[in-house]
Protein chains: 2
Amino acid sequence: MNAATPAEILAEMRTMALAARAASRQLLASATDARNQALLAAADILHERREALSEANALDMQRARENDLDSALLDRLELTPARIDDMLDGLRQVAALPDPVGAIRDMRTRPSGIRVGKMRVPLGVVGIIYESRPNVTADAASLCLKSGNAAILRGGSEALHSNTVIAAAMADGLAVAGLDGAAVQLIQTRDRAAVGALLGLEGLVDVVIPRGGRSLIERISKEARVPVIKHLDGVCHVYIDDGADPDMAVAIAVNAKTHRYGTCNTMETLLIHQKEAAQLLPSLAKAYLDAGVELRGCARTVAIVPGASLATQEDWGMEYLGPILSVCVVDDIDSAMAHIARYGSGHTEAIVTSDYLRSQRFLREVDSASVMVNASTRFADGFEYGLGAEIGISTDKLHARGPVGLEGLTSEKYVVLGEGQIRS
Amino acid sequence: MNAATPAEILAEMRTMALAARAASRQLLASATDARNQALLAAADILHERREALSEANALDMQRARENDLDSALLDRLELTPARIDDMLDGLRQVAALPDPVGAIRDMRTRPSGIRVGKMRVPLGVVGIIYESRPNVTADAASLCLKSGNAAILRGGSEALHSNTVIAAAMADGLAVAGLDGAAVQLIQTRDRAAVGALLGLEGLVDVVIPRGGRSLIERISKEARVPVIKHLDGVCHVYIDDGADPDMAVAIAVNAKTHRYGTCNTMETLLIHQKEAAQLLPSLAKAYLDAGVELRGCARTVAIVPGASLATQEDWGMEYLGPILSVCVVDDIDSAMAHIARYGSGHTEAIVTSDYLRSQRFLREVDSASVMVNASTRFADGFEYGLGAEIGISTDKLHARGPVGLEGLTSEKYVVLGEGQIRS
């Protein structure tokens, strides 16, 4: 397999995509019950194959250690019994979610007599490109299947043995429900050319969703001829407004930064109204320094917080993904929103305020996928939003913004009901 | 201007896009009334400048004739008094449409106490690339403005004098309403490199919508680094089902083909159930031949209709855009849907049927932007669907499918209303 020529790999990917398209047509016709049965059967089958899965994972882990992969990657790669349990629970939870497909909205009668509405439909064939976590195989496949899409999965090559066992259980679950196993296919070759081939299959692959670090996503976006739903930076802001409740402001600003450092919805820059800075920044600084967070501030911040270093121009656009926070004192809500428009990444921004009109302005005028009033940015998450599960978080502006759940894996087509109408 | 270097053109396009972004931020904050006032003022101003517009158009026409452009193009380029009236009416009609922006749906309280919903918001900066019709300048700009987007317009260079007058009236209308005139900008250079530069402005231009022939759209899709909403082929089908009302079947099948030949929602292939072929094809063939439509059929069709020639494999995927129709006799609805899946372009398909279950199967399983029961495919149109106006028809599967109106020029962001909630 590893010695395949580019033409062979392209042919293999085309064959997979054609099989996925055929399976996606069957899914269009499938009952909700059949798709749910497939998910539940896959969970049962995977439970029966726990031992084989653990052995496959041990093989992946051994190989990863031999290749000197770092400890963070080894951690993500490992499937502990608890993680396998979570994966099985996840499959069953997705089965229990409402079916997004088939809903019709806004059906209206037109002067011609036709009735026109929009029906929610699957996208078709979804490619998912991800890194070392094997549980993504089950998560992504189950969300695609539930929403009536066929999935082509490309996990990290270091997880290939684990992913193969999981994908086979999904395909076998489909067979139990009388559905085409090609609705869940795993790319088996480790050759990177397979990704390039997948990204070029216009008309066969309806969307590719990359999950991983920025370099992966940029590379895929650059190369793709098919549509991509992508997640770039999370340079999230909290703005503490003039007159905000001080306890609430401190609680949210501390939680948004320190709850977890490595997540995309973590605050990276704190903006604070000039009238609140002198009172709030010292206690905030103490909380951050106690938590081990390094502060980089504007000149006004540094004047109030001696422990802060002066931020450079680059700091304002940084996604630190670690215990560093940039802090900027702003004149008013307009300055805060201008700062966000200039340096933000359109991911998640929050205002802490007691003022009604400013809360409404912030909600309306801040152009981010998630905009919050008086809540921690850490809530920007599919589970917290009630999507049941998420296949990723989009920073695109078209199609789906923010956490992408089942609805983001669907689109809407027009349906027209007539009684013989013709255009005159 | 025509002698500008590529670097100068890129700099000019960046400057335009930055001005558009600033204007789009102002539009985010703008009241519905202000945007409507701008549209009405633009209509008034353009009315006052009718003479200047007619003179500019005469200049474009003269130059086009000197360049030996064909008569179809000259017809599209010409702004008759009636066409100017239509353009002014169009501006006023768009002002009268409901504002799509700001609507919040599905606001729900989560277990954490936060309330989460989705707010409809403008896309931001929209590029429109179109051909010779100058009225598109007003249509496209008004739809963008109404939906809170800044527009960068690139019309056909043969219409530059006309477009300049129209775009100036739009910008002056914006000024009357106290809005930034940079919300509507026309690319003034005739240099084609301007389009390439626009298509590369990732992060500054949110979407480009090309309107025109297939070659324009393919070139733009291939080149674009920014998202594109596009319209490719309209290979539309009508399927006459077993037991369909014969009069209705004939009326729809004739209307879908002969109402207009050059439109994308015109039927290009007729599918007919084998049990209906012998009875219906002769009268259908007579109607088509009377209208001057050439028939290309499968072997079974040719056996029934001696006037039809045998269709080649290429015919099934052809968008004739003229008085030619391919006809295929199929075994049943499954064969019909398989034919559509294989040869269709996902634009518009209709079934003529009396059978409830088959009508529902067709609606659900046919993966096209518009799917119809007992209605002519010619209804696939923004005005017929009640969108008020359309900026184009999308054959994409993400974001917007089918006729794209104001809603297609918007997206949804998450809004979160808290009372101090933090993640625990």
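Results, tabulated for the structure shown:
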| read-out | value |
| --- | --- |
| Nonlocal amide H pairs with B:ALA350, under 5 Å, H built at 1.01 Å | B:HIS237, B:VAL238, B:TYR239, B:MET372 |
| Efficiency of FRET between B:SER335 and B:ASP245 - r from beta-carbon atoms, R0 25 angstrom, step 0.05 | 0.75 |
| Counting all C-alpha pairs of the range A:101-234, share separated by more than 18 Å (%) | 59 |
| Kirkwood Rh and Cα Rg combined as Rg over Rh, evaluated for the range B:138-196 | 0.97 |
| Environment charge of B:LEU201, counting only residues whose C-beta is closer than 9 Å and scoring Lys/Arg +1, Asp/Glu -1 | +1 |
| Charge-dipole axis of chain B as Lys and Arg at +1 and Asp and Glu at -1 on Cβ define it, positive-most pick from B:GLY297, B:MET119, B:CYS328 | B:MET119 |
| Amide hydrogen neighbours beyond the local backbone of B:ALA103, cut-off 5 Å, H modeled | B:ARG120 |
| Exercise: per-residue mean of other protein chain Cβ atoms within 10 Å, A:98-111 | 1 |
| Solvent-free Debye scattering, log10 I(q)/I(0), computed from the Cα coordinates of the range B:317-416 at q = 0.13, 0.14, 0.16, 0.17 Å⁻¹ | -0.55, -0.63, -0.80, -0.88 |
| Förster-model FRET efficiency, 35 Å R0, A:GLU8 and A:SER71, C-beta, rounded to 0.05 | 0.45 |
| Positive dipole terminus of the range B:1-62, leading residue within B:SER30, B:ALA43, B:LEU10 (C-beta point charges) | B:SER30 |
| Where labels lie 7 Å past Cα in the beta-carbon direction, separation of B:GLU294 and B:SER54 in nm | 4.2 |
| Share antiparallel - DSSP beta bridges, chain A, percent rounded to 5 | 30 |
| Pairs beyond 32 Å (Cα-Cα), from A:LYS222/B:LYS118; A:LYS413/B:LYS275; B:LYS257/B:LYS413; A:LYS146/B:LYS257; A:LYS257/B:LYS397 | B:LYS257/B:LYS413; A:LYS146/B:LYS257; A:LYS257/B:LYS397 |
| Stretch gain in nm, segment A:ALA96-A:ARG190, where the contour uses 0.36 nm per residue and the Cα spacing is subtracted | 30.4 nm |
| The range B:236-384 - percent of accessible surface contributed by carbon and sulfur, probe 1.4 Å | 54 |
| Under 5 Å, built H, 5+ apart or other chain: amide partners of A:ILE393 | A:VAL404 |
| Helical contribution to [θ] at 222 nm, DSSP H n ≥ 4, -39,500 (n - 2.57), averaged over chain B, rounded to 500 | -14000 deg cm²/dmol |
| Descending semi-axes in whole angstrom, ellipsoid equivalent of the range A:205-259, from the Cα gyration tensor | 38, 11, 9 |
| P(r) of the protein assembly as shown over all Cα-Cα pairs, binned every 20 Å from zero, in whole percent | 14, 43, 35, 7, 0 |
| Kirkwood-based Rg to Rh ratio, the range B:236-384, C-alpha trace | 0.92 |
| 7 Å along Cα→Cβ, label-point gaps from A:LEU59 to other copies, nm, shortest first | 7.5 |
| Model label zone, B:ALA31; criterion: amide N under 16 Å from point 7 Å along Cα-to-beta-carbon; scope the range B:93-112 | B:99 |
| The protein assembly as shown, dipole about Cα centre (Lys/Arg Cβ +1, Asp/Glu Cβ -1), debye to the nearest 20 | 220 |
| Ranked packing of B:28-34, A:371-377, B:67-73, most packed first, by mean Cβ within 10 Å | A:371-377, B:28-34, B:67-73 |
| Teacher prompt: A:HIS47 distances to equivalent labels in other copies, 7 Å Cα→Cβ, nm | 7.3 |
| D_trans [Stokes-Einstein, Kirkwood Rh over alpha-carbon pairs] for the range A:170-263, 20 °C, 1.002 mPa s, µm² s⁻¹ | 123 |
| For the range A:236-384, size of Cβ-based charge dipole, Lys and Arg +1, Asp and Glu -1, in debye | 180 |
| 7 Å along Cα→Cβ, label-point gaps from A:PRO98 to other copies, nm, shortest first | 2.0 |
| Innermost chain A residue relative to the axis carrying A onto B, by Cβ distance in angstrom | A:HIS399, 2 |
| Volume in Å³ per residue [convex hull over Cα atoms, computed for the range A:319-360] | 98 |
| Residue-span extension gain [A:THR263 to A:GLN360] - 0.36 nm each, minus C-alpha spacing | 32.2 nm |
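The values are calculated or read from the model by the stated rules, or taken from the named source; none is laboratory data. Owing to the predicted nature of the structure, the values given are computational and were not obtained by experimental measurement. Virtual Cβ from ideal backbone geometry, glycine too; neighbours counted across all protein chains shown. Ligands, DNA and RNA are excluded from the accessible area calculation, which covers all protein heavy atoms including side chains. Shrake-Rupley method; radii C 1.70, N 1.55, O 1.52, S 1.80 Å.
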